[in-house]
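Encoded as C-alpha cells, the structure appears first; notes follow it.
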Amino acid sequence: MGRVDRFERRLQGMVGDAFARVFGGSVVPQEVMQALLREAEDHIEQLAGGRLLAPNRYTVMLSRGDLDRMAGDRAEVVNSLSTWLAGQLADQGWDTYGEVVVFLERSDALH
C-alpha cells in the first residue's frame, strides 16, 4: 500500500471517527463524503484548455439534533471533510478557485 493510500485511509478514519463520536452512528460519514463528491461532479465547469473547475464551497444540511450533538466537535468535522474533499478533487484533477470549505447548517426539514 502506497503513501497516498495510507493517508487516504487514515483521513477517512479520522472523518469517520469524528462523525461516530459526534453522531453516535446516526449519520453515516461515507454517505456524506460520497454526497459531497457527487455534488462536486454535478457542478463541474469546463474551462479553456480542457481544465475542469469544481466548486469550492459546500453545505451539508443536518437535522437540529445532529447539529446540536456536534457542539464542540463541529470545527473538527468541518476541517476533516474539507481536507478530505480537497484531496479528492485534486485526485480527480479538478481545479477550484480558492480553498475548499465545507459548511454544516441546520435544516428543520430533516428529522
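Bear in mind that the values in this text are calculations on the coordinates, not laboratory data. Source: prediction; values computed, not measured. Positions of Cβ are generated from backbone atoms using ideal geometry, with glycine treated the same way; all protein chains shown enter the neighbour counts.
In this calculation the C-beta distance from residue 35 to residue 106 is compared with R0 = 25 Å, giving a FRET efficiency of 0.90. The phi torsions of segment 80-87, fed into the Karplus equation with coefficients 6.51, -1.76 and 1.60 and a -60° offset, translate into couplings of 4, 5, 4, 5, 4, 5, 4, x Hz, rounded to whole numbers, with Gly and Pro shown as x.
Please list, by residue number, every one of the chymotrypsin sites (Phe, Trp or Tyr not before Pro) in segment 45-105 that is coil in DSSP and has at most 13 other beta-carbon atoms within 10 Å.
Numbers: sites: 58, 84, 94, 97, 103; in loops: 94, 97.
Here the chymotrypsin sites (Phe, Trp or Tyr not before Pro) that fit, given the DSSP loop and packing criteria, are 97.
Phi angles across segment 32-37 convert, under the Karplus curve 6.51 cos²θ - 1.76 cosθ + 1.60 with θ = phi - 60°, into 3J(HN,Hα) values of 5, 5, 5, 5, 5, 5 Hz, Gly and Pro given as x.
Over segment 46-111, what is the relative contact order in percent, taking alpha-carbon pairs closer than 8 angstrom and at least six residues apart? Could you put the intermediate results ahead of the total?
On the way: 79 pairs, mean separation 37.3, N = 66.
Relative contact order for segment 46-111 comes out at 57 percent.
Between amide H atoms placed 1.01 Å from N, distances below 5 Å from residue 101 occur with 57, 58, all of them 5 or more places distant or on a separate chain.
Annotation: amide H-H contacts under 5 Å for residue 62 (H modelled 1.01 Å from N, sequence separation of 5 or more, or interchain): 105, 106, 107.
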